[in-house]
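Just so it is clear, none of the values below were taken in a lab; they were calculated from the coordinates. Nothing here was measured: the structure is a model prediction, and the numbers come from that model. Ideal geometry is used to build each Cβ from the backbone, glycine not excepted, and the neighbour counts take in all protein chains shown.
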Amino acid sequence: MFKIAVLPGDGIGVEIVPEAIKALEAIAQKYGHEFQFTEALVGGAAYDTTGTPLPVETLDLCKASDAVLLGAIGAPKYDTLPVHLRPEVGALLPLRKELQLFANLRPCILFPGLLAASTLKEEVISGVDILVVRELTGGLYFGDRFREATPDGGQKATDILSYSTYEIERIARFAFEAAGARRGKLCSVDKANVIETSRLWRETVTELAKEYPQVELTHMYVDNCSMQLIRNPRQFDVIVTENMFGDILTDEASMLTGSIGMLPSASIGGQVSLYEPSHGSAPDIAGQKKANPLATILSVAMMLRYTCKLENEAQAIENAVRTVLAAGYRTPDLMEQGGTPVSTVEMGDKVVEAILK
Ligand code: IPM
Ligand code: MG
């Protein structure tokens with residue numbers, strides 16, 4: 001039996017998470033596994049009820065589970081709260097830190113059925129299969145930040161960016177291993193022409209490369225990478241980068257897959273791994289049954305792969321998604337070139353049908 005902590009969170013989180021649970025239940029039924037789901041509050045939903053975005057009970061539940069399934073957090077109404085109470089800084093970042101999830105895997109795969117759904121040209125994106133390995137517990141998002149008054153009556157804001165050799169080495173090692181198991185190409189992305197953390201990053205990755213002679217390592221500046229991703233994305237196999245660059249580049253890379261609603265993620269490194277879609281809580285479409293549940297459904301496929309070690313079952317979900325997309329079913333974010341429009345729940349139902357077939 002696998003114990004799953006379920007944290008739907010805010011906005012479309014509460015709509016997409018049930019669809020991923022349905023997919024896991026279909027897997028349980030078909031392959032004879034058992035999943036135990038326990039729900040807890042996180043983000044704005046937790047703040048509204050308990051006064052804190054990450055209640056101790058939620059964290060304890062996560063630590064006592066085999067895996068965490070997270071929807072999304074945040075909504076405009078929380079944007080004016082003191083920073084430590086905001087869902088992002090008060091819940092998501094501490095959750096990642098507490099669970100020691102230093103490696104965030106974001107596979108950007110273009111399902112053939114979605115070739116025409118992207119805003120980018122088919123000949124550019126056809127066959128894209130990139131794994132972005134984003135460092136998740138260091139860098140700017142976890143550095144000290146503060147403000148000071150300046151003599152001219154204004155203010156000065158500071159965010160500290162630091163990385164240690166240890167932090168760089170463990171994420172780079174992870175990426176080298178991942179590249180070794182794929183097409184053997186690793187691109188390390190930094191801004192070593194300007195910032196010091198990036199120079200340490202590049203030195204450390206270069207040094208580690210000696211242990212992985214079978215992996216072809218290249219380095220790329222982040223500004224160039226953002227351009228290369230849409231110029232010629234098929235040049236990439238595995239990309240490894242620091243926290244903020246990874247945050248930005250994965251939103252960009254999601255467009256290679258047709259929609260950010262297609263980008264799953266796994267955050268690993270500690271005892272308990274966390275699975276969540278790479279997109280946010282999408283307040284603009286929340287409550288309208290429009291959200292694409294596939295990123296979350298593909299995230300539980302990653303859960304089956306990495307936590308449950310059930311590769312066949314993981315592929316069963318991915319194949320079901322492929323089937324449903326090939327049959328033309330589309331949530332609004334995928335409707336660029338038409339198709340059969342479906343709601344969040346109908347998309348989930350179609351995936352379940354395809355799993356059980
Ligand atoms: C992501 C999100 C988060 C991040 C936000 C919600 C804090 O954008 O998972 O990419 O920046 O890590
Ligand atoms: Mg992001």
Checklist line | the chain - share of DSSP beta bridges that are antiparallel (%, nearest 5) | finding: 35
Notebook entry, point to check: Under a point spin-label approximation (7 Å from Cα along Cα-to-Cβ), what is the LEU356-ASN224 distance to one decimal in nm?
Noted result: 5.2
Notebook entry, point to check: How much FRET efficiency would the formula 1/(1 + (r/R0)^6) give for MET1 and ASP284, where r is the Cβ-Cβ distance and R0 is 51 Å, rounded to 0.05?
Noted result: 0.85
Item checked: Whether region 118-257 is rounded, prolate or oblate, judged on the alpha carbon gyration tensor where a/c under 1.5 counts as rounded -> oblate
Item checked: Low-density loop positions, GluC sites (Glu not before Pro), region 1-91 - DSSP coil, at most 15 other Cβ in 10 Å -> GLU34
Notebook entry, point to check: Given R₀ = 25 Å, FRET efficiency for ASP60-ARG170 by Cβ-Cβ distance, to 0.05?
Noted result: 0.45
Note to self: Spelling out what I want: for every residue of region 107-120, take phi, set θ = phi - 60°, compute 6.51 cos²θ - 1.76 cosθ + 1.60 (Karplus), and round to whole Hz; glycine and proline get x.
What the structure shows: x, 9, 10, 8, 6, x, x, 9, 3, 8, 7, 6, 7, 9
Notebook entry, point to check: Does a label point 7 Å from the Cα of GLN337, set along Cα-to-beta-carbon, have any residues of region 105-140 with amide nitrogen under 15 Å, and which are they?
Noted result: 110-128
Next item on the list: Mind giving me the nanometre distance, one decimal, between the label points for GLU98 and GLU211, set 7 Å out from Cα along Cα→Cβ?
Entry: 3.1
Next item on the list: Can you tell me how much longer the chain between ARG234 and SER126 gets when fully stretched, taken as 0.36 nm per residue apart minus their C-alpha distance, in nm with one decimal?
Entry: 38.1 nm
Checklist line | P(r) weight above 39 Å for the chain, C-alpha pairs, percent | finding: 13
Next item on the list: Please work out whether region 112-192 counts as rounded, prolate or oblate from its C-alpha gyration tensor, where a ≥ b ≥ c are the square roots of the eigenvalues and a/c under 1.5 means rounded, while otherwise a/b larger than b/c means prolate and anything else oblate?
Entry: oblate
Note to self: Could you check the spin-label model distance between ILE248 and PHE37? Points 7 Å from the Cα along Cα→Cβ, value in nm.
What the structure shows: 3.7
Margin query: Quick check on the chain: helices-only [θ] at 222 nm, where DSSP H runs of length 4 and up contribute -39,500 (n - 2.57) each and the sum goes over total residues. Nearest 500, please.
Written below: -11500 deg cm²/dmol
